[in-house]
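Q: Sharing a structure here in structure tokens format.
Values quoted throughout were computed directly from the atomic coordinates according to the rules given, and no laboratory measurement underlies them. Since this is a predicted model, take the numbers as computed values, not measurements. Quick reminder, even Gly has a Cβ in these numbers, built from the backbone with ideal geometry, and neighbours come from all protein chains shown.
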Amino acid sequence: MTDRLLALRMFVRTARSGSLSAAGRELGLSQPSVSRILSQLEEEVGATLLTRTTRAVVLTEAGQDYLMRIEPLLSALEEADHAARGAGALRGVLRIALPVSFGTREVVPRLPRFLERYCDLKVELGMTDARQDLVTEGFDVGLRVGSLPSPSAVIRKLAESPRVLVASPAYLERRGRPLAPGDLAAHAIVIGPGPTGPRVWAFTRQGGHTSLRVEARVSCSSNEGAIAAAVAGIGVANSSVWGCRAELDRGALVTILEDWPMEAMPAHAVYPLGRPASPAARAFVEYLAAQLQDERPGRQTP
């Protein structure tokens, strides 16, 4: 990589991540080296592009304009390199933002075949149940489970998974099996995060709709916590099959109210605004979309 091209890529990664050390890790450089390279770039450009503080690196007004002009050029160059090498020769670092449970249960187990296909590609997974800002945090693509707050980003629907109500066999033996949504009023409810944890649960049956407001006995900020609570016999939880497949398969949880379907849970890939999707991001999204399938609701009690 030429010195100027390295400097430009370092500038973009620093601007997007807000961190000299984070940008350096991607190209195997120390923080002092990154700082020196960026200082040389600013000297060549003739303008201050970044303001450095002890806590963060922030773009100046000139830096914001420079980033908007440079990033499409680097994306086009990356596309050209990718086309010259061929479809199987992706390189560099692919940064993916994704929720913890979906990433751990559904994405990571599918990564080996993708990495075998692209041996020179490195992957960084930013796992958190808080929705990251793809642009400011420098991600190439984000995976979102559930409804999206706005259509202001470039979005690709990957798949959807049935939403199910689950409880442990021991809990149902102790408290009885609900036969209709109204029966849930007599049961303990476990509420999870985001789209699996609304206080109003909506059901459909034979073209009709039924809504039920539920009160949580236990609330969890993560899907893993909510599913663990259900397995422990605390109460009934609401989850996508993606979020509880392993527990259903081994019988630790069973589905209830199977005749009262709930709205399916979608998964989307979201690309950051303001720059073209990288070849690696597009390849990963296509791969994951092909891998994900709608799943059966799981094991049921007799």
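Q: Could you list Val93, Val214, Val200 in order of exposure, starting from the residue whose Cβ has the fewest other Cβ atoms within 10 Å?
A: Arranged by neighbour count, lowest to highest, Val93, Val214, Val200 become Val200, Val93, Val214.
Q: Distance from a point 7 Å along Cα→Cβ of Met68 to each backbone N in region 248-274: keep the residues under 17 Å and list them by number.
A: Under 17 Å, as judged by backbone N against the label point of Met68, lie 273-274 of region 248-274.
Q: Follow-up question, since we're still on this one. Does region 161-264 classify as rounded, prolate or oblate by the C-alpha gyration tensor (a ≥ b ≥ c root eigenvalues; a/c under 1.5 gives rounded; else a/b over b/c gives prolate, otherwise oblate)? The partial results should precede the final answer.
A: On the way: a/c = 1.32, a/b = 1.24, b/c = 1.06.
In terms of gyration-tensor shape, rounded.
Q: Taking the chain as a Gaussian network, where each spring joins two C-alpha atoms under 10 Å apart, which residue of Ile256, Ile191, Ile37 fluctuates the most?
A: Judging by the Gaussian network model, the answer is Ile37.
Q: Follow-up. Say each of Leu179 and Thr128 gets a label point 7 Å from the Cα, pointing the same way as Cα to Cβ; how far apart are those two points in nm?
A: My value for the distance between the label points is 4.8 nm.
Q: Using a ≥ b ≥ c from the Cα gyration tensor of region 91-177 (square roots of the eigenvalues), is it rounded, prolate or oblate, where a/c under 1.5 gives rounded and otherwise the larger of a/b and b/c decides, a/b for prolate? Intermediate results must be reported in sequence, preceding the final value.
A: Working: a/c = 2.72, a/b = 1.73, b/c = 1.58.
Prolate, because a/c is 1.5 or more and a/b exceeds b/c.
Q: Only Lys, Arg, Asp and Glu count, each charged at its Cβ (+1, +1, -1, -1), so figure out the dipole size of the chain about its Cα centre, rounded to 20 debye.
A: 520 debye
Q: How far apart, in nm, are the 7 Å Cα→Cβ label points at Ala186 and Ser75?
A: Result: 5.8 nm between the two label points.
Q: What is the magnitude of the charge dipole of region 169-249 about its Cα centre, with +1 placed on the Cβ of each Lys and Arg, -1 on the Cβ of each Asp and Glu, and no other charges, expressed in debye to the nearest 20?
A: Around 220 debye, computed over region 169-249.
Q: Going toward the positive end of the dipole of region 161-264, with +1 on Lys and Arg Cβ and -1 on Asp and Glu Cβ, which of Gly207, Ala186, Gly225 do you reach last?
A: Working it through, the farthest residue towards the positive pole turns out to be Ala186.
Q: Which net charge results when you count Lys and Arg as +1 and Asp and Glu as -1 among the other residues whose beta-carbon is under 15 Å from that of Val236?
A: Computed value for this residue: +2.
Q: So, one more: Given 20 °C and 1.002 mPa s, compute D for the chain with the Stokes-Einstein relation, Rh being the Kirkwood radius over Cα pairs; round to the nearest whole µm²/s.
A: Values: Rh = 21.6 Å.
Answer from the Stokes-Einstein relation: 99 µm²/s.
Q: Also, quick follow-up: Under 9 Å from the Cβ of Pro99, count the other residues' Cβ atoms, weight Lys and Arg +1, Asp and Glu -1, and hand me the total.
A: Charge balance in the 9 Å sphere: +1.
Q: According to a simple spin-label model (label point 7 Å from Cα along Cα-to-Cβ), what is the distance in nm between Tyr287 and Ser219?
A: With each label point 7 Å from Cα toward Cβ, the separation is 3.9 nm.
Q: In Å and whole numbers, how far do the C-alpha atoms of region 26-77 stretch along each principal axis, longest first?
A: The Cα atoms of region 26-77 stretch 30, 26, 21 Å along their principal axes.
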